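Notes for the one structure printed next.
What follows draws every value from the coordinates through simple rules; no lab data is involved. Everything numeric in this text was worked out from a predicted model, so none of it was measured. Cβ sites come from the backbone with ideal geometry, for glycine too, and all protein chains shown count toward neighbours.
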């Protein structure tokens, strides 16, 4: 495995696409206990001012895992020991609602690396629709536990 280095800052991961499926959104809502009808019922969503049922907050986390499964190989090639990885934080900036049927294009890049007793890597991702409009920006930080 490569050694984790601050030289990774600015490294872009491969761009990928993911099409939002209504059934996946509904499954996600069930999994997290989300009962707000705007995420499942089109009439309720439209009554609330949406074009369709929007995705619930944090659903976009699934984009990378379902749309870019090679993230784990890419992390290992960067020197990240995925066996010792802990999710530290996730922050989102929402620009526009995301609806089922939207094809998302996304790209992540390493925005920060801290090395020391515990290493930390921060990734920034931008999620755009078919028109190239930015829908969501995300920042995810991970920590790599020290070897015991």
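Odds and ends about this structure:
- Residue match in region 50-66 (condition: closer than 23 Å to residue 119 by Cβ and touching a strand residue (DSSP E or B) at 6+ places or on another chain (Cβ under 8 Å)): yes
- Verdict on residue 97 being within 16 Å of the chain's Cα centre (by Cα) and surrounded by 13 or more Cβ atoms within 10 Å (Cβ to Cβ): yes
- For region 122-146, filtered to residues that are farther than 23 Å from residue 25 by Cβ and touching a helix residue (DSSP H, G or I) at 6+ places or on another chain (Cβ under 7 Å), the residue that is surrounded by the most Cβ atoms within 10 Å (Cβ to Cβ) is 144.
- Listed by first and then second residue, the pairs linking a residue in region 65-92 that is at positive phi and free of Cβ contacts under 8 Å to residues at least 24 places away in the same chain to a residue that is loosely packed, with under 13 Cβ neighbours inside 10 Å and not in a strand (DSSP E or B), with Cβ atoms under 8 Å apart and 6 or more places separating them unless they lie on different chains, form an empty list.
- Among the candidates 31, 45, residue that is out of contact with any strand residue (DSSP E or B) (no Cβ under 8 Å at 6 or more places or on another chain), surrounded by 13 or more Cβ atoms within 10 Å (Cβ to Cβ) and more than 18 Å from residue 130 (Cα to Cα): 45
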